[in-house]
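One structure below.
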Amino acid sequence: MTDHTKPSATDTAFLEAIEMGIEERNAYPDGASFVDAEQPYAGRAIARASSEGRAVVLCSADGSRQLLVPSHPAAA
């Protein structure tokens, strides 16, 4: 059974990024998408962000995070 009262790894990463931004410390590039690695839509979300030239913070249930940065800007 899933505990819906506990924030997901993605929620935690996003909230930490907001707190760091308030303190004027940026952990991730502006406009980065936060994606839950365990969800079936993760691949589509990564592809979409990449096509838009945005970085992705891929969040896993174990608390690990990977920063994925597109190698080329999206074509206009």
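Computed from the coordinates by the stated procedures, all read-outs in this text should not be read as laboratory data. Fair warning: this is a prediction, and the values are worked out from it, not measured in the lab. Because the Cβ atoms are built from the backbone with ideal geometry, glycine has one as well, and the counts that use them run over all protein chains shown.
Sequence gap at least 6, Cα distance under 8 Å: using those rules, report the relative contact order of the chain to the nearest whole percent. With pairs under 8 Å counted, the relative contact order is 28 percent. Think of the chain as having a plus end and a minus end, set by charges on the Cβ of Lys, Arg, Asp and Glu; of V69, V35, G21, V69 sits farthest toward the positive end of this dipole. Helix 9-22 sits at what angle to the longest principal axis of the chain, using alpha carbons and giving 0 to 90 degrees rounded to 10? With both axes taken from Cα atoms, the answer is about 70 degrees. Only one of the listed values, (i) 36, 10, 7; (ii) 25, 19, 12; (iii) 22, 17, 8, was derived from the coordinates as semi-axes √(5λ) of the Cα gyration tensor in Å; which label is it? Here semi-axes √(5λ) of the Cα gyration tensor in Å agrees with entry (iii).
For G53, the residues whose amide H sits under 5 Å from its own are A74, ignoring neighbours fewer than 5 places away on the same chain, with H placed 1.01 Å from N. With helices as the sole contributors, the chain gives -10000 deg cm²/dmol at 222 nm; each DSSP H run of n ≥ 4 counts as -39500 (n - 2.57), and the sum is divided by every residue. In degrees, nearest 10, range 0 to 90: what is the angle between the Cα axis of helix 42-51 and the longest Cα principal axis of the chain? Between the helix axis and the principal axis of the chain, the angle is about 30 degrees.
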